[in-house]
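Report on one structure; see the data block that follows.
Just so it is clear, none of the values below were taken in a lab; they were calculated from the coordinates. Nothing here was measured: the structure is a model prediction, and the numbers come from that model. Don't worry about glycine lacking a Cβ; one is built from the backbone with ideal geometry, like all the others, and counts go over all protein chains shown.
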């Protein structure tokens with residue numbers, strides 16, 4: 001005898017409560033938005049309105065899914081940004097370590113001319129350091145520092161800084177961006193000339209000294225390094241410091 005087919009009762013429509021919880025856990029504004037739809041779906045189901053319950057439950061589900069997708073996108077973007085930041089920090093740290101390792105350490109007595117005798121980075125020279133000029137080219141990276149009472153050809157005779165008073169402040173009280181290479185070269189030459197004549201007690205053109213300077217560029221300016229180093233060199237050996245006679 002054949003049996004008639006059995007019919008399972010239709011499943012109750014979902015109220016979207018689970019997706020409302022997902023929305024709350026993923027990104028709470030989505031969960032708050034989905035909650036009223038879940039409430040209306042529950043009320044419609046209690047009243048026997050399955051069609052209304054299914055419609056409201058579907059809305060809650062879509063909002064919950066949107067919250068989950070949004071959270072995943074935000075999380076991925078944050079991971080990418082953090083990774084890029086860590087990589088940039090790593091490169092910067094490595095460059096700083098390279099600069100530190102290449103820098104030359106000085107003696108503890110902190111006296112002029114007390115730097116190492118050979119291979120001193122010109123950016124590590126201090127005021128009052130004297131150095132040999134024989135064999136130097138137009139591009140100078142290191143010099144041999146010697147006591148100033150020994151024959152030598154050059155000296156770093158002054159270190160100064162770009163004065164705030166020569167810069168025109170912005171409306172908000174901050175100082176402007178890098179004023180430019182031409183302006184910096186003129187300013188550094190003027191301050192070094194004035195200091196040389198002050199120390200030497202005579203006009204620069206009468207001193208038979210050749211002056212040059214090291215001044216901040218745009219990169220130094222961004223790192224707040226505004227130091228200007230003034231140097232002089234002579235065609236004949238010097239003994240003693242500039243202005244000591």
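Figures for the structure shown
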item: Footprinting exposure proxy for 72, 65 (fewest neighbouring C-beta atoms within 10 Å first); result: 72, 65
item: Proxy reagent accessibility, fewest Cβ within 10 Å first, across 79, 162, 69; result: 79, 69, 162
item: Fewest-first sequence of 131, 178 by Cβ atoms within 10 Å of each Cβ; result: 178, 131
